[in-house]
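I have placed the structure first, in the form of structure tokens, so that the comments after it can refer back to it.
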Amino acid sequence: MPNAERLLIVDDDSSMRMALYESLSSCGYEVETAENGADALVKFKNGQFAGVVTDMRMPKMSGMDVLRGVKRISPATPVILITAYGTVNTAVEAMKEGASEFIMKPFSLDDLEFAVKNVLAANVQLKSDKDEAAAGNICPHKELITQDTKILALLDMLKSIAKSKSSVLIQGESGTGKELFARFVYRHSNRRQMPFVAVNCAAIPAQLLESEMFGYEKGAFTGADKGGKPGKFEIANKGTIFLDEIGDMPLHLQVKLLHAIQNRQIDRIGGISPIDVDVRIIAATNKDLDAMIKMKEFREDLYFRLNVIPLNIPPLRSRPGDTELLLNYALQKFTDLLNKSIEGFSGEAIELLMRYDWPGNVRELENVVEYAVNMETDSQISAGNLPDRVCRVDGGRFERSGGLKEKMDRYQKQLIGACLIDTGYSLEGKIRAAGILGISESTLYRRIRELGIVEK
């Protein structure tokens with residue numbers, strides 16, 4: 001396995017250390033463990049690790065000390081801190097020191113696996129080589145690769161409003177990179193030294209979203225007996241909170257969010273007194289909020305509070321000048337990640353890729369290139385190693401041979417697989433995937449089984 005997937009686990013509790021080791025090893029990561037902070041930093045200095053997961057409270061050297069030590073050696077390496085004694089101040093301090101994630105005990109191993117997957121993916125995407133900006137017509141932040149005049153104009157506008165406290169509402173199709181634009185605003189704001197906290201309103205089950213956002217006090221509900229937990233708003237205090245998929249937020253939580261925006265206060269579940277918060281809110285959605293308001297599915301008053309500074313991201317098909325630029329960037333990214341030597345695309349492959357309309361936008365483009373890099377054995381990406389949906393020709397005819405059922409199965413497998421990569425393979429992720437695909441949950445489970453789709 002490449003070094004990019006190697007993890008270091010640090011915990012003085014041998015049983016917890018073994019549980020973390022077995023859980024993350026079963027996900028395909030190469031895992032090394034350390035029983036104390038000093039041992040961990042020696043191993044980190046002498047090895048190559050994609051990320052570090054450390055307990056907070058350990059004798060002699062704490063998890064915060066491990067975090068600082070890792071950042072001194074390798075500032076770009078993501079660190080996840082785990083603790084049973086979390087407070088808002090501790091969480092904020094950890095974020096300011098560079099922690100990528102702060103996990104409160106008790107937690108499920110699924111929660112840990114999800115967090116590790118997310119921070120590693122984000123780190124790959126955020127690694128930038130500033131020399132690539134020397135061309136001048138490419139956005140200097142590598143994760144926002146563009147030479148499109150509309151996008152460059154949007155970025156100039158975002159720089160001008162970044163220092164404002166006003167809310168921003170980002171709208172655009174799925175896969176256009178709305179979180180990247182949110183982070184762009186954050187990086188250019190006066191709050192860039194404070195936390196940026198992202199909440200995916202669609203990925204968290206509705207019954208848990210309230211406690212994740214607003215926190216809870218000890219004894220607020222069954223299982224809330226560990227001293228309470230700060231919510232994302234408290235952790236983001238003085239910083240920025242990014243509410244992704246805001247259109248999926250339940251109506252009763254929309255009311256509570258509206259109260260938080262209007263009064264700059266939040267109420268923990270089971271709390272007695274409100275807690276003052278100072279956060280800049282950036283929200284994003286791929287849904288038609290105007291239509292949802294008419295259907296009474298989204299509050300109009302909340303919409304006006306969020307949509308102070310509107311931002312509409314154009315889809316990739318409307319900016320063809322970016323397509324080849326992004327294809328070459330993605331090719332470099334995945335050849336480095338997968339340790340392969342591929343120099344470019346064949347003429348036939350690039351023609352097909354440039355003709356494709358990219359309904360899934362930049363996210364789909366990266367998915368297609370990653371697939372092709374995995375399949376390719378030569379020095380160029382050939383048309384034969386592109387997904388079937390990209391290889392259509394005029395009139396909808398496929399260039400590949402085979403019967404209709406074989407082609408349909410192959411296409412469905414790729415479509416369902418790509419959707420599950422976005423939503424996750426958890427129960428909640430599959431429920432969401434079924435909704436996106438417009439099929440019943442039972443049909444989705446049957447097709448996963450029949451098509452042999454496995455978690456990636």
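The values are calculated or read from the model by the stated rules, or taken from the named source; none is laboratory data. Just so it is clear, the model here is predicted, and its values are computed rather than measured. Ideal geometry is used to build each Cβ from the backbone, glycine not excepted, and the neighbour counts take in all protein chains shown.
Results, tabulated for the structure shown:
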quantity: Long-range neighbours under 6 Å by Cβ, at least six apart or interchain, first residue more than 13 Å from Ser62 (Cα to Cα) within segment 73-85, second in a loop (DSSP other than H, G, I, E, B) and charged (D, E, K, R); calculated: Ala84/Lys105
quantity: Any chance Ile282 is of a type in the set (Val, Ile, Thr) and in a loop (DSSP other than H, G, I, E, B); calculated: no
quantity: Check on Leu152, at pLDDT 80 or above and touching a Cys at 6+ places or on another chain (Cβ under 8 Å); calculated: yes
quantity: The listed residue being free of Cβ contacts under 8 Å to residues at least 60 places away in the same chain and not charged (D, E, K, R), out of Val308, Val373; calculated: Val373
quantity: Total residues in segment 148-161, condition crowded, with 18+ Cβ neighbours inside 10 Å, of a type in the set (A, V, I, L, M) and out of contact with any Phe, Trp or Tyr (no Cβ under 8 Å at 6 or more places or on another chain); calculated: 1
quantity: Cβ pairs under 9 Å, 6+ apart, first in segment 152-168 and not assigned by TED's automatic domain parsing to the domain that holds Ala182, second at pLDDT below 90 and loosely packed, with under 12 Cβ neighbours inside 10 Å; calculated: none
quantity: Residue within segment 242-261 that is touching an Asp or Glu at 6+ places or on another chain (Cβ under 7 Å) and small (Gly, Ala, Ser) present; calculated: no
quantity: Number of positions in segment 294-321 that are in contact with a Ser or Thr (Cβ under 8 Å, 6 or more places away or on another chain) and either in a loop (DSSP other than H, G, I, E, B) or under 17 Å from Leu352 (Cβ atoms) (or both); calculated: 7
quantity: Segment 393-449, subset aliphatic (A, V, I, L, M) and not in a helix (DSSP H, G or I), residue modelled with the lowest pLDDT; calculated: Val393
quantity: Residue within segment 337-350 that is of a type in the set (Gly, Ala, Ser), assigned to a strand (DSSP E or B) and either assigned by TED's automatic domain parsing to the domain that holds Gln171 or over 25 Å from the mean Cα position of the chain (by Cα) (or both) present; calculated: yes
quantity: Pair list, Cβ under 7 Å, 6 or more apart: segment 438-456 residue more than 10 Å from Leu420 (Cα to Cα), other residue polar (S, T, N, Q); calculated: Arg447/Gln412; Leu451/Gln412
quantity: Tally, over segment 33-68, of residues that are under 25 Å from the mean Cα position of the chain (by Cα) and either of a type outside the set (A, V, I, L, M, F, W, C) or farther than 15 Å from Pro78 by Cβ (or both); calculated: 8
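Yes/no per residue for (1) in contact with a Pro (Cβ under 7 Å, 6 or more places away or on another chain); (2) touching a residue at least 60 places away in the same chain (Cβ under 8 Å); (3) under 23 Å from Leu208 (Cβ atoms):
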{"site": "Ile269", "(1), (2), (3)": "no, no, yes"}
{"site": "Ala283", "(1), (2), (3)": "no, yes, yes"}
{"site": "Glu297", "(1), (2), (3)": "no, no, yes"}
{"site": "Leu327", "(1), (2), (3)": "no, no, no"}
